[in-house]
Amino acid sequence: MQQMKTGFLSSGMMLAFAAFSAFSVSDAFSKLLAGAVDPFEVAFSGGVFGFLIIPFIRRKDESYLDIFSPQRPGMWIVRAIATFAATAASVEAFMLLPMPEALSLMFLMPLFVTILSVTLLHEKVSAWAWVSVIVGFIGVLIVLRPGMRALHLGHLCALIAAVANAVGVIAYRLAGNNTPRLSLFGSSLFGPLVGDGALMLAHAHWPHGWKTWLFLFGYGFLAALGQLLMMVATARAPANRVALPQYSQMLWAVVFSYFLFHQALDDWTFVGIVVVTFSGMLNWIRQHLRYEHLAFEERRAAWHRLREHEAGT
């Protein structure tokens, strides 16, 4: 039984790693669109191109109408609003800030998820998990160095995205495993469609050029794919553990920053990134070792039971 539980949690975290990889590449596409397309129009494309995934996730016993008929309307609306806020704020943040700097603030999401998972879901959070998120917060302060450098709209948008993403993770957990997947996924599509669609009306224009369309498709499709993977991940592991693989995004951000956007990091920013990344890996390594220990104890107990059975016969 314990082995099954261990594998279950590991699969949830691996799905979360895949989700955050999709988000990272999607974020790079949004930054490539800076100055060419309105930020809200970019976020709106996430809902449009996300519909391409629906046929691949629909079960045979599900109807397409499940997208519009949530079992828990309150949670559906919360998820939709959270996704809308997260997409709009994150696109703006990546357009205004270097990717590592924007992500360092968004990496406060595990702290918010941990707090919400304790207060709303009543999940048990270890002392190591609290240490991890606190160290991550210190890393964010090193990157931003408030009081020593100017903070502007991009930083505020990154913080809003972190809070909104945390609310979205908790809302997926509160929805329960019996909620149809199309209903869960539909909320992540209609949030950007309605919210960002309304905000883009004043400045929207028809995109020109195949590169612009390619970048829009890359952003929208991968953002929707990340939402799908995160939806499945949160059904397979506690919310505070699903949030930890977000730290893998920093590697993507540094690579993109250097080689794609040619934005070098200063020394203090690099130190802060190392601290932030270490905070996530610290707790992940501890959890991996703990599950390995539990699996070893189970194998040893099974071996003792086998020996006792052989001795009795």
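Per-structure values
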{"read-out": "Some residue of the range 183-201 being within 30 Å of residue 286 (Cα to Cα), in contact (Cβ under 8 Å) with a residue 40 or more places away in the chain, in contact with a Leu (Cβ under 8 Å, 6 or more places away or on another chain) and assigned to a helix (DSSP H, G or I)", "value": "no"}
{"read-out": "Answer residue from the range 141-167, given it is outside any helix (DSSP H, G or I) and of a type in the set (Gly, Ala, Ser) and is modelled with the lowest pLDDT among those", "value": "147"}
{"read-out": "Candidate set from the range 267-299 (those that are loosely packed, with under 14 Cβ neighbours inside 10 Å and modelled with pLDDT of 80 or more); member that is nearest to residue 135 (Cα to Cα)", "value": "274"}
{"read-out": "Residue 82 being farther than 23 Å from residue 247 by Cβ, at pLDDT 85 or above and among the small types (Gly, Ala, Ser)", "value": "no"}
{"read-out": "Total residues in the range 206-251, condition modelled with pLDDT of 80 or more and outside any helix (DSSP H, G or I)", "value": "4"}
{"read-out": "Looking only at the range 20-58, and only at residues there that are under 17 Å from residue 233 (Cβ atoms) and of a type in the set (Val, Ile, Thr), the one that is surrounded by the most Cβ atoms within 10 Å (Cβ to Cβ)", "value": "53"}
{"read-out": "The range 112-136, residues that are touching a Ser or Thr at 6+ places or on another chain (Cβ under 9 Å) and crowded, with 16+ Cβ neighbours inside 10 Å", "value": "114, 123, 125, 129, 130, 132, 133, 135, 136"}
{"read-out": "Residue 27 vs. criteria charged (D, E, K, R) and touching a residue at least 40 places away in the same chain (Cβ under 8 Å)", "value": "yes"}
{"read-out": "Inter-residue pairs, beta-carbon under 8 Å, first modelled with pLDDT under 80 and in a loop (DSSP other than H, G, I, E, B) and in the range 117-140, second surrounded by 13 or more Cβ atoms within 10 Å (Cβ to Cβ) and β-branched (Val, Ile, Thr), 6+ apart", "value": "120/170; 121/170; 125/114; 125/118"}
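The values are calculated or read from the model by the stated rules, or taken from the named source; none is laboratory data. This one's a predicted model, so the numbers in the text were calculated from it and none came from an experiment. Note that each Cβ is placed from the backbone with ideal geometry, even for glycine, and that neighbours are counted across all protein chains shown.
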